[in-house]
Structure formats: C-alpha cells, structure tokens
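Chemist: Have a look at this one before I ask anything.
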Amino acid sequence: MSQRQPLTVTVRQIPVTITASTLIAAVVLAWLFWPTWHQLLGISVAGAVAIAAAKVLIYLLSILGHEVAHAVVGRMLGRTVSYIRLTALGGVTGFERVGSKTAPAKARNGQWLVAAAGPLANATFALAWWIIGQVIGTPESVAALIASDVARTAAWLNGALAIFNAIPGLPLDGGQVLVQLVQRRGGRPSTALLTGAWAGRATSVIVLVVLIVPALLADGRPHSLRSVWAILIAMILWQGASEALPYARTLRAVTDLDPSALWKSVEVLPPATSMSEFERIAQQHATAEKLMVVGEPTDPSRWLRLEPQAFQTVPVSARGATQLSAVSVPLSVAVVQLTGLPSPCEHLLETSQCAELIVESVGADSYRGMSGHDLRQWIQSHAAQAR
Ligand SMILES: [Zn+2]
C-alpha cells in the first residue's frame with residue numbers, strides 16, 4: 001500500500017486504517033451534534049463538544065464493529081483478512097480473493113454470511129443501546145438526560161447503519177447477500193452480479209423518490225437539506241452499482257469459454273541453476289513453449305521469474321558462474337484447482353485480476369500454467385466480440 005494513510009494500527013495482523021475522509025465525516029457529525037446541548041440546556045460549549053465527541057466516537061466504533069464482524073465471520077470460514085479501512089461513508093474489509101488457494105470451498109459458499117455479518121452486528125448494537133436507554137428510563141438528572149440521549153443516538157445510528165447496509169443492491173452488504181443467494185439458488189455468477197447491480201441502481205432511484213417526493217407533495221417544494229442528502233446517497237449508490245456492471249458483462253461473455261488452450265507446461269528450475277545452463281535448456285525448449293520459473297517445485301508461492309533486463313546485463317563470460325536467483329524477481333502465482341468446476345473461466349476471471357502466473361497441479365510437484373497477462377487479453381478479446 002503506497003498511499004499515505006493518516007492513521008493505521010495493526011490488530012491481530014490486520015492493518016486497520018482510518019482515512020482522512022472518516023475524520024472529515026466525524027467533524028461534520030460532531031458539528032451537527034454539539035449545538036443541541038449547548039442551546040437547549042445551556043451546557044457549556046466544552047461540555048456540549050465532549051458529548052458530541054462521545055457520539056462521534058460511538059459512530060466510529062459502530063462502523064468499526066460492522067467491519068470487524070465481516071472480518072471475524074470471514075476468518076471463521078477460513079478466509080484471510082488483508083485490511084480494514086474506515087471511510088467517510090462506512091468501511092471496507094478487504095479479503096484475499098476467493099480464487100486463491102487459501103480460500104476453501106466453505107469460504108466460497110459462506111460469502112453471504114460474511115456480507116450479512118456487518119448489518120447484523122449494527123442491528124445487535126442498536127438493540128443493546130436501546131436496552132441501555134430503557135434501563136436509564138425517564139431521566140431525572142442532567143447526567144441521566146445526557147446518558148439517555150447518547151444511548152438513543154447510538155441506537156439510532158446503529159439502526160440506520162443496519163437498515164442502510166441491508167438494502168439489497170450492490171455495492172451494499174445487502175446487495176452482496178442478494179448476489180450470493182441468487183448464485184446459491186443455481187443462478188450463474190454473471191446473472192447474480194447483474195441482478196445485484198440493477199437492484200443497486202433501482203435502490204438509488206428509490207432513495208431519491210422516498211426522500212424527496214413526500215416533501216414535494218406536502219409543501220410543493222423539496223426539503224433542501226434532505227434533498228442534498230438524497231442526491232448524494234443516490235449518486236454514490238448508482239456509481240457503486242454501475243461499477244459492477246462491466247465485470248458482470250465480461251463474466252457473462254466468458255462463462256461458456258474453454259480456456260484450456262492457454263495452458264502451457266511449467267518447468268521449475270532450481271535457484272542455483274547457472275545462467276549458461278538455463279540458456280542451454282531454453283534452446284532445447286525453443287519450440288515447446290514452456291513456462292520457465294525459478295524456485296522449488298513444492299512452493300509456488302515463492303517462485304521467481306527471470307528479469308530479461310537483468311539477464312542481459314550479465315556478460316556471457318560470467319553466465320557460467322551466475323545463478324538464476326541473481327537475475328530473478330518475485331512472481332505472483334495463483335494456484336487453482338479447476339478440474340471438475342462447471343465454468344472454469346468464471347473462476348479464472350477473478351484469479352486473473354491479481355496473478356502474473358496461474359498454475360494448476362497435474363501430479364506430484366508438476367504443474368501446468370498460464371500467464372495472467374495472456375489470460376486477461378484472451379478474456380478481453382472474447383468479451384469484446386460478445387458485445
Ligand atoms: Zn459491510
């Protein structure tokens with residue numbers, strides 16, 4: 001991650017980042033909250049700001065709790081959490097792609113649970129805060145009044161987060177659940193994604209209508225602050241939903257394609273192989289079109305690839321004494337198991353986004369592979385033809 005992030009802490013090996021936009025959202029929220037207490041009850045500015053800060057902290061903890069719920073359920077299903085990031089409008093939990101070898105089948109089948117965990121966490125927090133509010137009861141002192149107000153705000157915030165995120169349209173969690181459920185009921189991944197994306201677009205229109213039309217009918221003109229919110233939320237939803245469409249269309253285009261022509265055999269050369277030995281082997285294979293990598297056959301995650309420029313800088317006279325590891329760079333390898341999958345291309349499409357080399361085991365320490373670049377080009381050309 002080369003981007004500069006203002007605040008990152010690592011919790012149980014997961015980097016948790018609070019982005020600048022979160023802090024801006026926090027200040028705006030505090031700004032909305034603090035005058036109420038100052039004006040209504042004559043509490044000092046410092047006191048009112050402290051109450052507002054407490055509410056903002058609860059808001060941040062609520063979205064953090066939402067993301068942690070995604071992460072915990074994901075981990076329970078065997079997925080690897082890459083990061084948690086808090087943004088202005090909530091958060092993102094990044095997982096290693098399901099296409100990678102670290103994701104077992106239960107992780108693929110349980111993706112809807114991972115998505116549902118976030119809104120469910122907020123619903124639980126909302127209930128807990130509501131109960132705290134009930135326990136405080138009718139406040140009789142200023143302290144109790146403040147506690148009751150904080151609890152009510154926290155319940156309201158979490159309820160809003162739960163309901164908003166549960167809306168069944170992409171990019172929201174509810175949309176992810178919808179996509180997974182369509183797939184589990186036998187729908188193709190492309191159909192599921194298209195459903196989620198169009199549901200997301202429909203949701204954005206519904207948000208606009210629900211937030212603007214009632215005021216329009218009652219007062220003859222829209223409520224200005226609410227309209228700004230409605231337009232902002234609708235735009236973000238529309239944008240997020242639309243981002244899923246090109247991928248879904250590509251997925252639909254490649255779904256029935258057979259990628260097997262792209263496989264090549266992989267030859268794994270030990271790192272201690274000399275450069276001149278490699279040149280001799282390469283000449284033998286000149287017509288066979290093998291993929292040559294450097295490393296141990298047992299561990300594809302640590303394979304290297306030859307760096308042609310570094311290779312060229314070594315004079316021919318020195319190549320007998322120079323090992324391949326000296327002119328190689330790390331290679332990102334995705335190990336897949338496509339045999340038996342109904343549509344291997346759908347699986348490969350996801351994997352191809354992140355790997356330079358995709359390999360499948362074809363026996364003890366023996367692999368076939370395809371270049372991620374070749375695969376991406378092949379998929380793009382077929383997707384373009386289908387349009
Ligand atoms: Zn979520």
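Chemist: Taking only C-alpha pairs under 8 Å that are 6+ residues apart, what is the relative contact order of the range 167-253 in percent?
Modeler: Rounded, it is 35 percent for the range 167-253.
Chemist: Stretched out fully, how many nm does the piece from VAL45 to LEU338 gain, at 0.36 nm a residue minus the Cα gap?
Modeler: So the extension gain works out to 99.1 nm.
Chemist: What nm value, rounded to one decimal, do you get for the distance between HIS382 and ARG226 when each label is placed 7 Å out toward the C-beta?
Modeler: Once both label points are built, they end up 5.0 nm from each other.
Chemist: A further question on this structure: For the pair HIS373 and ALA272, what calculated FRET efficiency results from E = 1/(1 + (r/R0)^6), where r is the Cβ-Cβ distance and R0 = 25 Å, to the nearest 0.05?
Modeler: 0.35
Chemist: Computed over the Cα atoms of the chain, what is the convex hull's projected area averaged over all directions, in nm²?
Modeler: Across all orientations, the chain yields a mean hull projection of 26.1 nm².
Chemist: Need one word for the range 136-287: rounded, prolate or oblate. Basis is the Cα gyration tensor (sqrt eigenvalues a ≥ b ≥ c); a/c below 1.5 gives rounded, then a/b vs b/c decides.
Modeler: It comes out prolate by the Cα gyration axes.
Chemist: Amide H neighbours of SER82 under 5 Å, counting only residues 5+ apart in sequence or on other chains, H built in-plane at 1.01 Å?
Modeler: GLY94, PHE95, GLU96
Chemist: Continuing with the same structure: Between SER82 and ASP258, what is the label-to-label distance in nm when each label sits 7 Å out along the Cα-to-Cβ direction?
Modeler: 3.3
Chemist: Oh, and also: Classify the range 254-300 as rounded, prolate or oblate, taking a ≥ b ≥ c as the square roots of the eigenvalues of its Cα gyration tensor: rounded when a/c is under 1.5, otherwise prolate if a/b is larger than b/c and oblate if not.
Modeler: Here the range 254-300 falls in the oblate category.
Chemist: Hydropathy at least -1.0 by Kyte-Doolittle, axial extent at least 24 angstrom from the Cα trace: which helices of the chain, defined as entire DSSP H runs, fit?
Modeler: The qualifying helices are 20-41, 45-76, 111-136, 142-166, 189-219, 224-254.
Chemist: So in the chain, what percent of DSSP beta bridges are antiparallel if you round to the nearest 5?
Modeler: So the antiparallel bridges in the chain amount to around 70 percent.
Chemist: For ARG280, ARG201, which order do you get if you count the other beta carbons within 10 Å of each Cβ and list the fewest first?
Modeler: ARG280, ARG201
Chemist: Right, next: So how much slack lies between ALA20 and GLU356, counting 0.36 nm per residue of separation and subtracting their Cα-Cα distance, in nm?
Modeler: Contour length minus Cα-Cα distance gives 117.7 nm.
Chemist: For HIS382, HIS66, what ranking results if the residue with the fewest other Cβ atoms within 10 Å of its Cβ goes first?
Modeler: HIS382, HIS66
Chemist: Taking 51 Å as R0, compute the FRET efficiency from the Cβ-Cβ separation of THR298 and GLU243 and round it to 0.05.
Modeler: With a Förster radius of 51 Å, E is 0.85.
Chemist: Here's a follow-up. Using the count of nearby Cβ atoms within 10 Å as a rough guide to exposure, how do THR93, THR191 rank from fewest to most?
Modeler: With the fewest neighbours first, THR93, THR191 line up as THR191, THR93.
Chemist: Pull out the extension gain between VAL329 and THR124, defined as 0.36 nm times the separation in residues minus the alpha carbon to alpha carbon distance; nm, one decimal.
Modeler: Between VAL329 and THR124, full extension yields an extra 69.0 nm.
No lab work stands behind these numbers, since they all come straight from the coordinates. On a predicted model such as this, the values are computed, not experimentally measured, just so you know. Glycine also receives a Cβ, built like all others from the backbone with ideal geometry; neighbour counts cover every protein chain displayed.
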